[in-house]
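Visitor: Below are the structure tokens for one structure; questions will follow.
Please treat every number below as a calculation from the coordinates, not as lab data. In this text, all values refer to a predicted model and were calculated from it rather than measured experimentally. Heads up, the Cβs are rebuilt from the backbone with ideal geometry, glycines too, and the neighbour counts pull from every protein chain shown.
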Amino acid sequence: MRVLEGLSPANVFRFFEDISEIPRGSGNEKGISDYLVDFAKKRGLQSYQDKVFNVIIYKPGTEGYEDSPPVIIQGHMDMVCEKNADTVHDFEKDPLKLVVEGDYVRASGTTLGADNGTAVSFALALLDSSDIPHPPLEVVLTVSEEVGLEGAAQIEADKLSAKRMINMDSGRAGVFTTSCAGGLRASIHFSIERTDIPNSFVLLRVMIRGLVGGHSGGDIHHERANANVLLGRVLYDLSRTHDMYLVEIDGGAKDNAIPREAFAVLAVDASQISAIEKDAASCGAVFKNEFRNTDPDMELVVEHISEGPASGQALTKKLLKNVAAAMILTPNGIQAMDTNIAGMVETSNNLGAVKMTGDEIVLTHAVRSSSVSRKKMIEMKICALAESLGATASSGNEYPAWEFSKESALRKTLVETYVDMYGSEPVVAGIHAGLECGVLGGKIPGLDMIAFGPDTPGVHTPDERMSISSMARVWEFLVEVMKRLK
């Protein structure tokens, strides 16, 4: 029994359920890419799959539209893979477990992949149709969007002829996106220095959990708590007054998701356990008060790993202090508001992941800005912070902003269509998140672009949901737009 059977539009939800069976985290897109190529082959449609597994599918214009200017329908096939701590799920091989609740579809304990499985589903339904008038279509579905728009950067522009593009990676129904921020990934690397754990020490685990999290671009203005920053605060505070060593640390999963959980394993003097628990509880109370409106379910938990003495090695006290300092000093959250657009975030940074390997601890950030110079300024701050703490810095996965165009025939057509269908003006706005429009616009001079999509709250978290009624409305609108783009 198919979970989404009976939902409308039937073909859109059928394809969404199909692709939900295919693991497609960033870097693991060959399966979904091959599925798309096979889809095209079965329908006699020309397709092109490049060396990184981006796919372009071509469909001629329908009767009366054969000579109309072509249009690109664009989205990405990869998804952010996040799950709750108690959820057993292997994103490399397990299908998503879809659940229908009222007007929403969600996944059980994991991200849903509506970002950007909705675009893939809409595009496949359009390609599969035989009764929808439309101009020639060039459907562009990219890989690795979520890790720096890497797939879009590899698109071969000579494979495309269209000068107008509809991106379907904007998760706010009734909103037409016309610009977005640029970004990059920046990391701080600490080389691990170890020392023996004293005989009288035991192990404790300090955890931050129960945070809301969210998209590091689209949700940054909500001022939600960042689990990595809070963990840094408690570690720095405790290390100032207690004898302790860091054994293990882990927080967040992706630089582009606001981290919901983080933990550290500490080796502490057994005689100081009660005092440490008391001070940690005080930190937790402070955090809950600070974020009582945004993260009401936040918890700071201290667990005893073993009652007996710890053995082996831990990180040096100096390294603990420096890592904790980096976690609290990093420029996290909103850094500047746009002075041209009221209420729009211009520049932000998100400490998305803290990971420990055999030889280093890496703090990874997602830097976003619609200002090239301020984006570089945040990168410079992260580099300076690393150098001041005896660490090194690296950066990459840079992508450009998409600047607003005053003149857009495509935008004019879509706005007029929306008003005719719904009797009200749509919202035309920019977003602080990154979209592939900036990259593709740089490859195709004169490309007229707009982005829209259904309501998909909670993206990049296990609370991600997809509105069923919104999907129907967006499909209805897309079909009408196709008719008018003659």
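Visitor: Report, by chain and number, residues whose modeled amide H sits under 5 Å from the one on Glu82, excluding near sequence neighbours (fewer than 5 apart, same chain).
Guide: Thr111
Visitor: Whole angstrom only: what separates the Cα centroid of the stretch 142-219 from the Cα centroid of the stretch 329-402?
Guide: Between the Cα centre of the stretch 142-219 and that of the stretch 329-402, the gap is 12 Å.
Visitor: Compute the long axis of helix 468-484 from its Cα atoms, compare it with the longest principal axis of the Cα atoms of the chain, and write down the angle in degrees, 0 to 90, nearest 10.
Guide: Value to nearest ten degrees: 40.
Visitor: Which of these values of P(r) over Cα pairs in 20 Å bins from 0, in percent was calculated from the structure shown: (i) 23, 52, 22, 3, 0; (ii) 24, 58, 18, 0; (iii) 19, 37, 29, 15, 0?
Guide: Here the calculated entry is (i).
Visitor: Something else now. Positive end of the charge dipole of the stretch 184-399 (Lys, Arg +1 and Asp, Glu -1 on Cβ, about the Cα centre): tell me which of Val367, Ala324, Leu300 has its Cα farthest that way.
Guide: The residue sitting farthest along the positive end of the dipole is Val367.
Visitor: List the aspartates and glutamates whose Cα sits under 14 Å from the Cα of Lys159, skipping any in the same chain fewer than 8 residues away.
Guide: Asp50, Glu138
Visitor: Work out from phi, with θ = phi - 60° and the Karplus expression 6.51 cos²θ - 1.76 cosθ + 1.60, the ³J(HN,Hα) of each residue of the stretch 278-288, listed in order in whole Hz, and give x for Gly and Pro.
Guide: Rounded to whole hertz, the list is 5, 5, 5, 4, 5, 4, x, 5, 5, 4, 4.
Visitor: Counting each DSSP H run of 4 or more residues in the chain as -39500 (n - 2.57), what helix-only mean residue ellipticity at 222 nm follows after dividing by all residues, to the nearest 500 deg cm²/dmol?
Guide: Details: 11 runs with 145 residues, N = 486.
The helix-only estimate for the chain comes to -9500 deg cm²/dmol at 222 nm.
Visitor: May I pose another question? Compute the signed sum of charges (Lys and Arg +1, Asp and Glu -1) over the other residues within less than 13 Å, Cβ to Cβ, of Ser388.
Guide: +1
Visitor: Exceeding 20 Å between C-alpha atoms, which entries from my cross-link table qualify? They are Lys51/Lys254; Lys317/Lys355; Lys412/Lys483; Lys41/Lys483. Numbers along the way, then the final one.
Guide: Numbers: Lys51/Lys254 25 Å; Lys317/Lys355 18 Å; Lys412/Lys483 15 Å; Lys41/Lys483 25 Å.
Over 20 Å apart, Cα to Cα: Lys51/Lys254; Lys41/Lys483.
Visitor: Next up: Go through the stretch 122-171 and name the trypsin sites (Lys or Arg not before Pro) that are in a DSSP coil and have 10 or fewer other Cβ atoms within 10 Å of their Cβ. The partial results should precede the final answer.
Guide: On the way: sites: Lys159, Lys163, Arg164; in loops: Lys163.
Here no loop site has a sparse enough neighbourhood.
Visitor: For every other residue with a beta carbon closer than 11 angstrom to the beta carbon of Tyr104, add +1 if it is Lys or Arg and -1 if Asp or Glu, then tell me the sum.
Guide: So the surrounding residues net to -3.
Visitor: Roughly how big is the stretch 184-399's charge dipole about its Cα centre, with Cβ charges of +1 (Lys, Arg) and -1 (Asp, Glu), in debye to the nearest 20? List each step's numbers first, then the result.
Guide: On the way: 21 positive and 26 negative charges, 97 e Å.
The dipole of the stretch 184-399 has a size of about 460 debye.
Visitor: Return the aspartates and glutamates within reach of Lys318: Cα separation strictly under 13 angstrom, same-chain partners fewer than 8 residues apart disregarded; answer none if there are no such residues.
Guide: In chain and number order, the partners are Glu193, Asp243.
Visitor: Enumerate the calculated ³J(HN,Hα) couplings along the stretch 137-142 in order (Karplus 6.51 cos²θ - 1.76 cosθ + 1.60, θ = phi - 60°), each rounded to whole Hz, writing x wherever the residue is Gly or Pro.
Guide: Result, ordered by residue: 10, 10, 8, 10, 10, 9 Hz.
Visitor: Starting with the highest mean, order 315-321, 333-339 by the number of other Cβ atoms within 10 Å, averaged over the residues of each peptide.
Guide: By packing density, highest mean first, the sequence is 315-321, 333-339.
Visitor: Among the GluC sites (Glu not before Pro) within the stretch 298-330, which fall in a DSSP loop and have no more than 14 other Cβ atoms within 10 Å of their own Cβ? Please report the intermediate quantities before stating the final value.
Guide: Numbers: sites: Glu299, Glu303, Glu307; in loops: Glu307.
The qualifying sites are Glu307.
Visitor: DSSP loop (so not H, G, I, E, B), at most 13 other Cβ within 10 Å: list which trypsin sites (Lys or Arg not before Pro) in the stretch 368-448 pass both filters. Before the final figure, lay out each step's value.
Guide: Working: sites: Arg368, Arg374, Lys375, Lys376, Lys381, Lys406, Arg411, Lys412, Lys443; in loops: Lys406.
Qualifying residues, ordered by number: Lys406.
Visitor: Calculate how steeply helix 409-422 sits against the longest principal axis of the alpha-carbon atoms of the chain, using the helix alpha-carbon long axis, and give the answer as 0 to 90 degrees to the nearest 10.
Guide: Once rounded, the angle reads 90 degrees.
Visitor: Restricting to Cα pairs below 8 Å that are 6+ residues apart, what does the relative contact order work out to for the chain? Please round to a whole percent.
Guide: Relative contact order for the chain comes out at 23 percent.
Visitor: To the nearest 20 Debye, how big is the dipole of the chain about its Cα centre, given +1 on the beta carbon of each Lys and Arg and -1 on that of each Asp and Glu?
Guide: Its charge dipole is roughly 700 debye.
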